[in-house]
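Since the structure comes first, as structure tokens, the remarks are kept for the end.
Quick note: the coordinates plus some simple rules give every number you see, no bench work behind them. Treat the numbers as computed from the prediction; the structure is a model and nothing was measured. Using ideal geometry, Cβ is built from the backbone for each residue, glycine included, and neighbour counts are taken over all protein chains shown.
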Amino acid sequence: MSAILVGVDGSEASTAAVGWAAKTAQLEGDELKLVGVYDASTSDYAPGLIIPQDVIDAIRQDATDAVHAAAKVAEEAAPGLTVHCSIVDGDASRVLLELGKDASAIVLGTRGLGGVKGLFLGSVSTTVAAHSHGRVVVIGGPSKDGPVVVGVDDSKVSDGAIKEAYAQASLRNTKLIAVHTWTPLDADALHGYGIDPDEVERMSEDAVAAVAERLAGYGEDYPDVEVVREVLPEEPAKAVLEAAEKYDAGLVVVGSRGRGGFKGLLLGSTSQKILHHATLPVMVVRS
């Protein structure tokens, strides 16, 4: 059976990630894998330094305690869910990417500063989201019930995100808010360039028709999902985040513009901005 993998470090952010992942695993019929990663190696600047065994043991114990505490959180969030726990020594990003190859999703907290000496910092979340070939969810704040927001652009890059967003909205029995921005300039800027309000309105209507066409096929697969379209001139990341706030969303889904090759699998700028500023779960889906 497939499983959702969660990186655990004992911080408040990772605890929120465990709760969200447990509920989602139950909804999707998955199991849950909790992994605590600790790194007892020294840096290149001190290659001859030997870390005392009692220090290594203490670090490992911190990781073990964090995972056991996370298991209790998972069991409370989703009673009856099958939960697996493991402790691994190594670089957090690489361990999670390797273990996550067979996972249905990787879930991480962001800005975690506590627990196992702050291993799961924002950089780990960003690295995993940029390099994973599957779904990655970064929890930027407490999870809650609410609509699913998806960013829609005019390319096939967003198709995977759209399909996933429909599936999540259907699973969670909630609305889908589809956000599309047809120019990064807001209305005031467009007016400043001499484009009158009627013309802005006409271009927005044309964009609404284009978005409706892109969503049409997925809507047939999920007839139970009510869709609200937000089409406007605005910087894309700002538009998605504002829609999430406006509708009190529970999840944001975005695509990723992977370019191939481990070092080249960079997140698009819009996805990065959303990940860095969101205060709710954000799912990155690679097409």
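Some points to look at:
- Computed from the Cβ-Cβ distance with R0 of 22 Å, the FRET efficiency linking H277 to S123 stands at 0.90.
- The Cα-based radius of gyration of the stretch 2-101, divided by its Kirkwood radius, gives an Rg/Rh of 1.05.
- Ranked packing of 250-256, 96-102, 213-219, most packed first, by mean Cβ within 10 Å: 250-256, 96-102, 213-219
- Separation of the stretch 1-20 from the stretch 211-247 is 28 Å, based on Cα centroids.
- Among 2-9, 75-82, the order from most to least packed when residues are scored by Cβ within 10 Å on average: 2-9, 75-82
- Packing here is the average count of other Cβ atoms within 10 Å per residue, and on that basis the peptides 30-40, 225-235, highest first, run 30-40, 225-235.
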